[in-house]
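Every number in this text was worked out from the coordinates using simple rules, so none of it is lab data. Since the structure is predicted, the reported quantities are computational estimates derived from the model, not experimental observations.
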Amino acid sequence: MTTYYDILDVPPTATPEQIRSAYRILVQLHHPDRLQQANAQVRQYAEERLKKINEAYAVLSDPARRQRYDAGHRHHDVEADDAGRGWRPRRRGTEPTAESTAQADAREWARQAQQAQRDAKTQERQRRARQQAEAERYEAEERARREAQEQFPRARSEGNALILHFAPGIWTTLIRIPAGDFLMGADPQRDHDAAVAELPQHRIQVSEFYLGKYPVTNAQFDAFVNAACPKPSANLAQWRLPTGKETHPVVNITWNDAVSFCQWLSDATGRPFRLPTEAEWEKAARGPAGMDLDGRIYPWGDDWDVSRAALGHNTLPVGHHSPDGDSPYNICDMSGNVWEWCSDWFDPKLYGHRCGKVVRDPAGPETGQGNVVRGGAFDSAPKHLRCSRRNWYYPDNARLNLGFRIAVAPF
């Protein structure tokens, strides 16, 4: 006869804690949730067995009911040896019964379920490891992208402007100058300081371009000198950042040094930075055709105004007279501060060759002795600060009142 003790697989002397522990194990083993994938025979056995387990536990977990049960039943499954060494399970027959077979199947399925659970945990760990590896790969790519963005110099568009970063905290703005025509040169009837090299006044068509809002500063040029190795010229090998003049326009720069600066920017950013042409410079200083002051003498108008020009005993911080002295395109320091290199060779008779022609994007003569400079300087007379004023220096000249600004085509 199978007793409740046999069902729970505990001895008649089991403590309440031993009974509870055995019950929990058996319920987990035979619970339907663990046997959803088992065959019908195993599930039927488990269901019946679970009913008996619950029935046995209901009696043996209640002290009063257990006492009555013990008093009314003999325990045929318990043997005591002659030495009185206590309880041990009854001997099973050698022939397997249907019940023992089903129980063995249930335990095998439970073993397989445990193995499947271990496999699932292993797969989950592997999945998480793959996710972690993918996250690390993505972070490495993002880090590389951020580092690429932090490389200097670099340029980015912002509306009608181009923001150019030379180094951390050192940057400038280039203003978009739209395509269109303008009056180049001087009209002696209007401008009494007109020089022969500025005649005749003529209309020029210029394609869209960007021009530096300010001349290149000492701090910006210092970023180039520190990055350029070997130094492009003997002149630059001696160049040092002037203390306290970081925002002043760089001076003592030859035409070749200015071109090297533009080439450094082009190589670093992949965009063709260059010196402006003489025509581009003058259009940016004067403004487009069709304005009320088309062909204006100074960037602000026809009347001389000393308070608008960048004059003094030495260079001034760029933009010092902005916006009063700005051109119609909001370009600063086009009248004073420093003469500015242009890309063209100088020819005093150039304008005469253009009479009766429609000229688009003139680049100047193919060769010459010197290169054009424009804009006048801090120590110039008013006649040299006019928009049409033409001057030149040899390309290897470096002067205390000579700098440059940069240009670039749209991209």
Practice problem: Taking H placed 1.01 Å from N in the peptide plane, check which residues at least 5 places from residue 171 or on another chain put their amide H under 5 Å from its amide H. | Solution: 166
Quiz item: Counting pairs of Cα atoms in the range 298-411, how many percent are more than 16 Å apart?
Solution: 63
Quiz prompt | All Cα pairs of the range 349-411, percent lying beyond 18 Å | solution = 52
Quiz item: Which ³J(HN,Hα) values in Hz, rounded to whole numbers, follow from the phi angles of the range 313-328 under the Karplus curve 6.51 cos²θ - 1.76 cosθ + 1.60, where θ = phi - 60° and Gly and Pro get x?
Solution: 8, 7, 5, 10, x, 4, x, 4, 9, 8, x, 4, x, 6, 7, x
Practice problem: Could you run the Karplus curve 6.51 cos²θ - 1.76 cosθ + 1.60 with θ = phi - 60° over the range 189-204 and give me ³J(HN,Hα) per residue in whole Hz, x for Gly and Pro? | Solution: 6, 9, 10, 6, 9, 4, 9, 4, 5, 9, 10, x, 6, 8, 9, 10
Quiz item: Cα to Cα, under 16 Å, and not fewer than 8 places away if on the same chain: which lysines meet these conditions relative to residue 357?
Solution: 349
Practice problem: Among 369, 117, 131, determine the one that fluctuates most according to a GNM of the chain built with springs between C-alpha atoms less than 10 Å apart. | Solution: 117
Self-check item: Diffusion coefficient, µm² s⁻¹, Stokes-Einstein with Kirkwood Rh over alpha-carbon pairs of the chain at 4 °C and 1.567 mPa s
Solution: 45
Quiz item: What is the set of long-range amide H partners of residue 405 at a cut-off below 5 Å, with H atoms built 1.01 Å from backbone N?
Solution: 216, 341
Exercise. Have a look at 201, 151, 18 and tell me which one the Gaussian network model of the chain (Cα, springs below 10 Å) gives the largest fluctuation.
Key: 18
Quiz item: Using 0.36 nm per residue, how much length does the chain from residue 226 to residue 360 gain when fully extended, once their Cα-Cα distance is taken away?
Solution: 44.4 nm
Quiz item: Amide H to amide H under 5 Å from residue 319: which residues, 5+ apart in sequence or cross-chain, H placed 1.01 Å off N in plane?
Solution: 333
Quiz item: Which lysines does residue 213 reach when only Cα atoms under 16 Å apart count, and residues fewer than 8 places away in its own chain are ignored?
Solution: 283
Exercise. Using the Karplus curve 6.51 cos²θ - 1.76 cosθ + 1.60 with θ = phi - 60°, work out ³J(HN,Hα) for each residue of the range 382-396 in order, rounded to whole Hz, and write x for Gly and Pro.
Key: x, 5, 8, 9, 6, 4, 8, 4, 10, 8, 7, 9, 5, x, 9
Exercise. Among 60, 275, 311, determine the one that fluctuates most according to a GNM of the chain built with springs between C-alpha atoms less than 10 Å apart.
Key: 60
